[in-house]
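Peer 1: Have a look at the structure that comes next, please.
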Amino acid sequence: LSAGQTHYAPNQGTAALRKAVADFETARGNVTSPDNVLITIGACHALFTALLGILNPGEEIIVPTPGFGLYETIATIAGAKTVKLDVTKTDFQIDAKALNVAITPKTKAIILNSPNNPTGAVLSEASLASVKAAVKDKPIFVICDNVYQALASEKCPDLSLDADLKDQILLCQSFSKPWAMTGWRVGYLVGPEYVMQRLLLLHAAEVAAVPTFLQEAA
């Protein structure tokens with residue numbers, strides 16, 4: 001604030017923070033560039049922008065359940081339907097057969113939240129392989145909600161690192177959980193450029209930009 005970071009930030013986010021995010025993601029294996037990064041008001045806003053941006057009325061999203069309630073709320077706002085994939089009988093893992101049954105011509109996305117809120121379950125390599133096999137080369141997005149990964153005691157399998165699905169993955173991340181910055185309300189969305197160009201227009205209409213000095217802190 002004292003340095004004068006009190007003016008409008010660019011809609012997509014400051015160059016410095018987008019570069020920092022791109023460097024961080026690339027270092028962990030998700031090779032990306034600042035052009036593929038959108039700074040958001042927490043991961044909730046990243047989810048809202050991603051889902052509202054890709055969903056048309058009547059389309060469907062698949063949510064492994066139990067799951068974070070906000071997914072269905074956003075889908076409802078978009079006029080879409082939430083298809084709940086019950087994982088309580090499969091040790092909270094995704095069964096390939098059940099997933100394929102859930103997919104219809106209206107399916108637009110599947111949401112992966114690992115570690116999961118509220119169960120804490122971590123999706124296995126087998127679960128992620130089932131998702132990849134079900135969606136690869138289909139017009140279906142994979143929304144990776146990774147906000148709890150930094151809190152896991154071991155490295156989690158992560159489909160957002162899969163180069164084969166690069167054009168289908170939208171990664172939602174937050175500064176709240178990994179760096180205990182809940183009140184700062186900063187997060188980010190990473191995705192393929194052809195999608196991000198469109199989501200940026202929605203983001204600019206929603207909030208214009210994340211406050212400049214908060215981006216400096218992040």
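Peer 1: What are the ³J(HN,Hα) values, in whole Hz, obtained from phi via the Karplus relation 6.51 cos²θ - 1.76 cosθ + 1.60 with θ = phi - 60°, for each residue of the range 157-166 in sequence order, with x given for Gly and Pro?
Peer 2: x, 8, 6, 5, 8, 7, 5, 5, 10, 3
Peer 1: Which one is right for this structure if percent of Cα pairs over 24 Å apart is calculated from it: [x] 62; [y] 39; [z] 49?
Peer 2: Here percent of Cα pairs over 24 Å apart agrees with entry [y].
Peer 1: Does a label point 7 Å from the Cα of residue 202, set along Cα-to-beta-carbon, have any residues of the range 114-148 with amide nitrogen under 18 Å, and which are they?
Peer 2: Hits in the range 114-148 for residue 202 at 18 Å: 139-146.
Peer 1: Turning to a different aspect of this structure: So what are the ³J(HN,Hα) numbers for the range 185-190, from phi and the Karplus equation (6.51, -1.76, 1.60; θ = phi - 60°), rounded to whole Hz, Gly and Pro as x?
Peer 2: Working through the residues one at a time gives 6, 10, x, 7, 10, 10 Hz.
Peer 1: Counting only residues 5 or more places away or on other chains, whose amide H sits under 5 Å from the amide H of residue 117 once H atoms are built in the peptide plane?
Peer 2: When sequence neighbours closer than 5 places are left aside, the close amide H contacts are 68.
Peer 1: For residue 216 and residue 96 in the same chain, what is the full-extension length gain: residue separation times 0.36 nm, less their Cα-Cα distance, in nm? Mind showing how you got there, number by number?
Peer 2: Details: separation 120, 0.36 × 120 = 43.20 nm, distance 4.31 nm.
Additional length available on full extension: 38.9 nm.
Peer 1: Which percent of Cα-Cα pairs in the range 78-200 sits in each 5 Å bin, short to long?
Peer 2: Taking all Cα pairs of the range 78-200, the binned fractions are 2, 10, 19, 23, 21, 15, 7, 2, 0 percent.
Peer 1: If you count the DSSP beta bridges with both ends in the chain, what percent of them are antiparallel, to the nearest 5? Walk me through the intermediate numbers first.
Peer 2: Working: 8 of 26 bridges.
Here the share of antiparallel DSSP bridges comes out near 30 percent.
Peer 1: Shifting gears a bit: So, in the chain, how many Lys pairs have Cα atoms under 15 Å apart, if the pair is 8 or more places apart or on different chains?
Peer 2: Lysine pairs meeting the criterion: 14.
Peer 1: Then there is this: Karplus couplings for the range 48-53 from phi (6.51 cos²θ - 1.76 cosθ + 1.60, θ = phi - 60°), rounded to Hz, Gly and Pro as x?
Peer 2: Running phi through 6.51 cos²θ - 1.76 cosθ + 1.60 with θ = phi - 60° gives 4, 5, 4, 6, 5, x Hz.
Peer 1: Can you compute the charge dipole magnitude of the chain about its Cα centre, using +1 on each Lys and Arg Cβ and -1 on each Asp and Glu Cβ, nothing else charged? Give it in debye, rounded to the nearest 20.
Peer 2: On the way: 17 positive and 20 negative charges, 48 e Å.
For the chain, the charge dipole is close to 220 debye.
Peer 1: If you don't mind, there's one more thing I want to ask. Please compute the length gained on full extension between residue 1 and residue 194, using 0.36 nm multiplied by the number of residues separating them and subtracting their Cα-Cα distance.
Peer 2: Working: separation 193, 0.36 × 193 = 69.48 nm, distance 3.47 nm.
My answer for the length gained is 66.0 nm.
Peer 1: Follow-up question, since we're still on this one. Given the rule -39500 (n - 2.57) for each run of at least 4 DSSP H residues, summed and divided by the residues of the chain, what is its mean residue ellipticity at 222 nm, to the nearest 500 deg cm²/dmol? Please report the intermediate quantities before stating the final value.
Peer 2: Details: 7 runs with 73 residues, N = 218.
About -10000 deg cm²/dmol.
Peer 1: Let me ask something else about it. Taking the range 1-70, which chymotrypsin sites (Phe, Trp or Tyr not before Pro) meet the DSSP loop condition and have no more than 16 other C-beta atoms within 10 Å?
Peer 2: Numbers: sites: 8, 24, 48, 68; in loops: 8, 68.
Listed in order of number, the matching sites are 8.
Peer 1: Loop-only check: which trypsin sites (Lys or Arg not before Pro) in the range 130-199 are DSSP coil with at most 12 other Cβ within 10 angstrom? Before the final figure, lay out the partial values.
Peer 2: Working: sites: 132, 136, 155, 166, 185, 198; in loops: 136, 155, 166, 185.
Answer in residue order: 155.
Read the figures in this text as sums done on the coordinates, not as results from a lab. Since this is a predicted model, take the numbers as computed values, not measurements. With ideal geometry, Cβ positions are generated from the backbone for all residues, glycine too; neighbour counts draw on all protein chains shown.
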